[in-house]
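Each remark here refers to the structure printed beneath this line.
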Amino acid sequence: MSTIVDSVMQQLGGANLSQLSQQIGADESTTQQAVQAALPMLLGGLARNSANPTGAASLSGALAEHRGGGLLDDLGSLIGNPQSGAGAGILGHIFGNRRETVEQGVGQATGLNQQQIGKLLMVLAPIVMAVLARRHAGAGAATGAAPQADAAPPQGDLGSELQRETQEAAQRAPSGLGGLLGMLDRDGDGNPLNDIGRMTGGLGGMLGGR
């Protein structure tokens with residue numbers, strides 16, 4: 001199975017990348033780098049929150065809600081109007097009051113300003129959720145289980161998966177992004193997960209009133 005990074009980058013290729021670049025006001029190369037720089041932050045926040053039963057249950061429930069959605073089949077609408085999606089709610093529950101810190105860190109690593117990164121994260125967060133939901137819906141189908149709206153992946157498996165994906169995303173972040181990777185691993189122990197955890201809050205009710 002491809003990684004979440006692979007799946008997200010595939011979704012944000014071609015015309016979608018061009019549209020996203022225009023939306024945030026950057027060239028395509030810089031936009032692609034910013035996506036790769038932001039993914040470890042998003043995945044790390046999800047991994048941290050899914051490490052406790054309450055957060056894992058909230059995330060599993062949010063994924064179940066996303067399984068029937070067609071976001072990935074019509075990304076143009078989200079990219080054209082980032083505020084139209086669930087990005088703000090998702091980011092609020094992943095990062096809490098640390099969202100601005102994350103935006104500044106990704107901006108410093110890529111040369112983009114905070115407003116540009118804010119738009120990028122508003123687009124990326126729903127895509128990451130949709131990719132996760134599709135992966136787990138596909139896993140259920142592969143086992144022969146009938147897909148059900150309230151079916152959720154095992155919480156322990158989801159947490160482990162997100163930890164692996166965060167490490168993979170951090171390792172694959174573009175060269176020259178040392179500032180961001182340093183923020184991911186502030187204590188220098190080689191594991192960004194614990195440091196991201198200090199930056200993020202609990203999921204709570206991940207999508208609020210949705």
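The values are calculated or read from the model by the stated rules, or taken from the named source; none is laboratory data. In this text the structure is predicted, and so the values were computed from the model without any measurement. Positions of Cβ are backbone-derived with ideal geometry, glycine not excepted, and every protein chain shown enters the neighbour counts.
Filtering the stretch 109-127 down to residues that are in contact (Cβ under 8 Å) with a residue 40 or more places away in the chain and more than 18 Å from LEU75 (Cβ to Cβ), which residue is nearest to the chain's Cα centre (by Cα)? Once the filter is applied, the top-ranked residue is ILE117. Considering GLN104, GLN114, GLN32, the condition of being more than 19 Å from ALA133 (Cβ to Cβ) and touching a Gly at 6+ places or on another chain (Cβ under 7 Å) is satisfied by GLN114 alone.
Residue-wise test of (1) surrounded by fewer than 19 Cβ atoms within 10 Å (Cβ to Cβ); (2) closer than 19 Å to GLY107 by Cβ; (3) in contact with a strand residue (DSSP E or B) (Cβ under 7 Å, 6 or more places away or on another chain); (4) among the basic types (Lys, Arg).
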{"site": "ASN16", "(1), (2), (3), (4)": "yes, no, no, no"}
{"site": "GLU28", "(1), (2), (3), (4)": "yes, yes, no, no"}
{"site": "VAL35", "(1), (2), (3), (4)": "no, yes, no, no"}
{"site": "LEU42", "(1), (2), (3), (4)": "no, yes, no, no"}
{"site": "ASN49", "(1), (2), (3), (4)": "no, no, no, no"}
{"site": "THR54", "(1), (2), (3), (4)": "yes, no, no, no"}
{"site": "ALA57", "(1), (2), (3), (4)": "yes, no, no, no"}
{"site": "LEU63", "(1), (2), (3), (4)": "no, no, no, no"}
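Considering only the stretch 114-124, I want to know if a residue exists there that is farther than 19 Å from GLY85 by Cβ and either at pLDDT 75 or above or assigned to a helix (DSSP H, G or I) (or both). Yes, because at least one residue in the stretch 114-124 is farther than 19 Å from GLY85 by Cβ and either at pLDDT 75 or above or assigned to a helix (DSSP H, G or I) (or both). Of the candidates GLY159, GLY107, the single residue that is within 18 Å of ALA173 (Cβ to Cβ) and modelled with pLDDT of 50 or more is GLY107.
In the stretch 8-108, counting only helices (runs of 4 or more DSSP H) that sit wholly within it, the ones holding 2 or more residues that are free of Cβ contacts under 8 Å to residues at least 24 places away in the same chain and not acidic (Asp, Glu) span 14-24, 28-49.
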